[in-house]
Amino acid sequence: MSKYTELREQWPVFIYRGYEIEEEEGAVRIRYRFQIPGLSEFAPEWVFPKVEGAENHFQEDPVFRNMVFSLGMAELVSYWKICCPPRVEVEAGYLDQDQISWWKDLYFNGLGEFFYTNHIQEADQDTFMELVSTGHPADGETDQEQVQRRRELSGCLIPIGGGKDSAVTIELVKKTGLSSMAYIINPRGATTHCAQAGGYSPRKVIAASRTLDQNMLRLNREGYLNGHTPFSAIVAFSAVIAAYMHRLKYAALSNESSANESTVPGSTVNHQYSKSFRFEESFHQYEEKYLKSGVYYFSLLRPLSEFQIARYFARQKQYLSIFRSCNAGSKEDRWCGHCPKCLFVFLILSPFLSQEELSGIFGADMLNDPTLTGTLEQLVGIQEDKPFECVGSRGEINTAIVMTIDRLEQEGKSLPVLLAYYKETALYRQYEESRPSYFTYYDEENLLPGIFDQVLRTECLAGEPGRMTC
């Protein structure tokens, strides 16, 4: 019997008991109540600050309460995965049958990596979870009140993760002329520094606090199931809450087209599922039908390739010394210099920055580190599975490497260890002979409102035919 099956039999029920909202003068505090009967209770918390432009009196607001309930639905999967109970009872609120199907779809696809890395083959989308809603429908606003609320919203919320993508979104939103605010979950050095570099004063930064329950962390240490969950879904629901509180019309994410690529070839396992367009579109529709906040959720960078983003970012010199997107080094606010994410960012920026500049950013010349050969093989496709990290498509990575090799050879410089190795592979010949044109890429499958679409096309598709400014 597998560990997954054994735990499901031992702990067959997970319950979303409820939530409490405490409104203070400068913040709204939310506490959730989850339970695995007989094993543990969990009470994670969120704190949303009220900064410039925030409203008051959220406790009795039915739209706000529904958004809080829904954020709890996104949170619960982190606690459910401890032993994957086959039955989930939702007492905290009401879900109709379509909503139940929506949440099961998110959980199953968002946990694809979790099932894969834990060797859980028994999981099936129809049977992995019975989701039961025992709550009662709540009274909401009238259609007229919802229309009025939409008319009153303006400006843009930008979630900032501290990496190059959100920095590019900050700079592109400036081109629209819209007012904007930064949104950060659990601020750290890179997120705070990027907000400052983007021109946001403390009054324009919504710094939310998310606290995990210690019982979950204890059970993880004791050997219960653990693994990746769809965190960007939590970002989506919490960003809409933050935007609603501060009367902002748009929530502009920074997920690009390569997030649609599966991590395990030939499967639906995608480390970045909740960054994919499939989730973006699905969430956007869910918000319009069920949350009805009036906040328009979309990803500004969805039409672009990693190439276009990297080229634009390389010109934003104010961010180069402060951006970070390494998970291994996040607690110390540094690049670890040894993980797939570090190597990917190094590679995708290599066509646009010198090796000296890149070595200064990462603290070492990663392309001269032979211990990263296996990681390189995962990134480019010599090894079948991609790393379980937020990295670009293999086509883009291979093209970036070929471009860097060509530039270094034209400059008469010797190739670093990893590039010399790569040049001897069949992939180099393949991409040297037929190099995809990512600079002219524009994915029409997106949700960009007109003003954002116009800015992206002007900034990233202008110039001579076949060339781009970003």
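The values are calculated or read from the model by the stated rules, or taken from the named source; none is laboratory data. Keep in mind the model is a prediction, meaning the values are calculated, not measured. Note that we place each Cβ from the backbone using ideal geometry, even for glycine, and neighbour counts take in every protein chain shown. Note: accessible area is taken over every heavy atom of the protein model, side chains too, but ligands, DNA and RNA are not part of it. Shrake-Rupley method; radii C 1.70, N 1.55, O 1.52, S 1.80 Å.
So here's what we get for this one:
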item	result
Value in Å of the Kirkwood radius, where region 378-420 supplies the Cα pairs that are averaged	11.5 Å
Region 194-251 - Debye-derived log10 I(q)/I(0), Cα point model, q = 0.14, 0.16 Å⁻¹	-0.61, -0.73
Span-like helix ranges in the chain, DSSP H, alpha carbon extent 18 angstrom or more, Kyte mean at least 0.0	62-80, 231-245
Where Rh is the Kirkwood radius over Cα pairs, Rg/Rh for region 1-143	1.02
D98-L212 FRET efficiency (beta carbon distance; Förster radius 25 Å; 0.05 resolution)	0.25
For the chain, projected area of the alpha-carbon convex hull averaged over all directions, nm²	22.6 nm²
Ratio Rg/Rh, restricted to region 334-470 and using Cα atoms, in which Rh is the Kirkwood radius	0.99
Largest-first ordering by accessible area, 1.4 Å probe, given options R429, R221, R17	R221, R429, R17
Three principal axis lengths of region 209-298 [C-alpha, angstrom, descending]	44, 37, 22
Set K331/K423; K175/K386; K204/K341; K275/K331; K204/K386 screened for pairs whose C-alpha atoms are more than 32 Å apart	K331/K423; K175/K386; K204/K386
222 nm mean residue ellipticity, helices alone, for the chain (DSSP H n ≥ 4; -39,500 (n - 2.57); rounded to 500)	-12000 deg cm²/dmol
All-pairs Cα distance distribution in region 323-412, expressed in whole percent, bin size 5 Å	2, 15, 25, 26, 20, 8, 2, 0
Accessible surface, per residue, of the chain when the full set of protein chains is kept, probe 1.4 Å, Å²	40 Å²
Carbon/sulfur fraction of accessible area - the chain, other protein chains in place, 1.4 Å, %	47 percent
Considering only the chain, percent of DSSP beta bridges that pair antiparallel, nearest 5	45 percent
